[in-house]
1. By the gyration tensor of its Cα atoms, with a ≥ b ≥ c the square roots of the eigenvalues, what is the shape of the chain: rounded for a/c under 1.5, prolate for a/b over b/c, or oblate?
2. Defining a contact as two alpha carbons under 8 Å apart and six or more residues distant in sequence, what relative contact order in percent does the chain show?
3. With r defined as the distance between the Cβ atoms of R114 and S298 and R0 fixed at 41 Å, what FRET efficiency is calculated, to the nearest 0.05?
4. Among N78, N269, N104, which one moves the most in a GNM of the chain with springs linking Cα atoms closer than 10 Å?
5. Each label point is 7 Å from the Cα along the Cα-to-Cβ direction; what then is the distance between the points at N83 and L350, in nm?
6. Compute the separation of the alpha-carbon centres of segment 181-230 and segment 41-77 and state it in Å as a whole number.
7. If a/c stays under 1.5 just call it rounded; otherwise compare a/b with b/c (prolate if a/b is bigger, oblate if not). Do that for segment 27-90, with a ≥ b ≥ c from the square roots of the Cα gyration tensor eigenvalues.
8. Among V178, V351, V96, whose mean-square fluctuation peaks in a Gaussian network model of the chain (Cα, cutoff 10 Å)?
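Read the figures in this text as sums done on the coordinates, not as results from a lab. Note that the coordinates shown come from a computational prediction; the quantities given were computed from them, not determined experimentally. So basically every Cβ, Gly included, is an ideal-geometry build from the backbone, and we count neighbours across all protein chains shown.
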Amino acid sequence: MVRGREGGAVVSGEKVVAKRVELSELFFDLVFVYAISCSTALLRQVESGLPRLAAVLSFATVIVVLVNSWMVETVFTNRFGSNSRRDVGFMLASMVLVLLLSANLSADLVTSIRAFSLLVGAWTLLLLVQYALRYRESANDGERPYIRLFFLVLGLRVACLAVAALLEYPLGLLVLLVGVVLGWVLPGLLSSRMRVVPINFPHLTERLSLLVIISFGETIVDVAGGYFGAASFSLASVLVFVLVATLFVTYVVEFDGLARRDRAGITGNGMIYLHYPVLFGISSVTVALSYLAEGLVSRPFAVCLLYAGLALFQLGVLLGCGYNSVTQRPSAGLVAGVSLAMPLGLAASLVSGGSTLVVVGLACASSVVLPLGLRSLAVRTAGGE
């Protein structure tokens with residue numbers, strides 16, 4: 001039996017052995033409970049029945065920055081991390097910066113652009129230093145061109161953030177956004193050149209799953225306060241829990257049951273990017289449920305935000321089906337059913353003008369199509385084998 005190591009992935013014949021997720025990595029993930037909570041809280045700033053535009057833009061920017069930086073840190077750990085004292089030290093330093101960034105978020109990046117740019121820039125610089133140290137120590141000629149790609153990606157973002165910290169609004173905000181977008185899209189554009197150091201796919205999918213679970217945890221904490229108090233508990237509360245549980249089951253059936261984790265020789269960028277709509281969707285659903293409970297915004301907007309979140313989440317899950325075996329991919333009929341369920345549920349909710357009970361009940365009915373279809377597919381395929 002031939003055994004080898006490819007970018008941290010141990011290969012035994014056709015089997016890829018998962019790299020262990022260390023406890024230090026799980027500790028690093030904990031700060032994202034607080035970070036995601038602070039990010040979604042930005043959307044609670046409301047004017048005239050709608051969230052402030054500045055709050056929406058800030059929320060989108062912060063989520064992209066947080067998740068993208070988490071992804072870069074995770075990819076480094078996946079390919080090169082060894083849970084050494086140095087690696088753990090960098091993680092702890094990154095956690096401090098994430099906590100500072102989260103505690104000082106503002107829905108108005110105009111007034112907080114300097115602090116935001118400096119903190120994100122410092123975090124990005126830490127990531128750049130990690131890659132630089134690996135480059136200096138690497139004896140693998142194949143790794144060096146790959147690491148130079150991250151010099152480009154992270155170097156451009158650090159430069160943009162440093163310039164943004166020096167400029168006034170609106171030019172500073174524009175440069176900040178350019179840096180954020182570059183750090184977000186460049187890894188995807190450079191995917192073909194990153195195959196030289198394949199990722200350990202089982203480790204990546206486990207870390208992504210843990211991040212999603214953390215996001216669901218933030219949702220549970222949020223809805224518990226609005227729906228499960230002594231005075232607020234009702235049948236609608238039960239349906240809210242059923243809705244969140246349905247989304248969780250949908251994710252588990254696809255990514256823990258159907259998606260193949262034994263892949264070798266890939267970059268993992270596709271799996272990373274499809275989790276952006278998953279995470280945006282969970283955050284949007286969390287905020288929409290809070291809006292419905294607290295009456296912070298107009299009900300039609302809250303309903304539209306709820307279904308936008310559900311649609312984003314299900315889009316990410318459907319994209320994840322590309323990692324299934326050919327016989328376990330959803331049929332055109334299932335995709336059509338999911339695509340019809342969302343707009344029909346939205347239309348029924350808006351036309352009825354109903355209570356939270358009606359809105360959440362329709363959302364549950366609309367959301368159950370996908371997990372039932374995926375579960376049926378898994379059972380049928382298993383029976384056929």
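1. Oblate is the answer for the chain, as a/c is 1.5 or above yet b/c matches or exceeds a/b.
2. Rounded, it is 19 percent for the chain.
3. Step by step, r from the Cβ atoms, then E = 0.75.
4. N104
5. With each label placed 7 Å out from Cα toward Cβ, I get 5.1 nm.
6. Centre-to-centre distance over Cα atoms comes out at 14 Å.
7. It is prolate, given that a/c is not under 1.5 and a/b is the larger ratio.
8. Maximum among the listed residues: V351.
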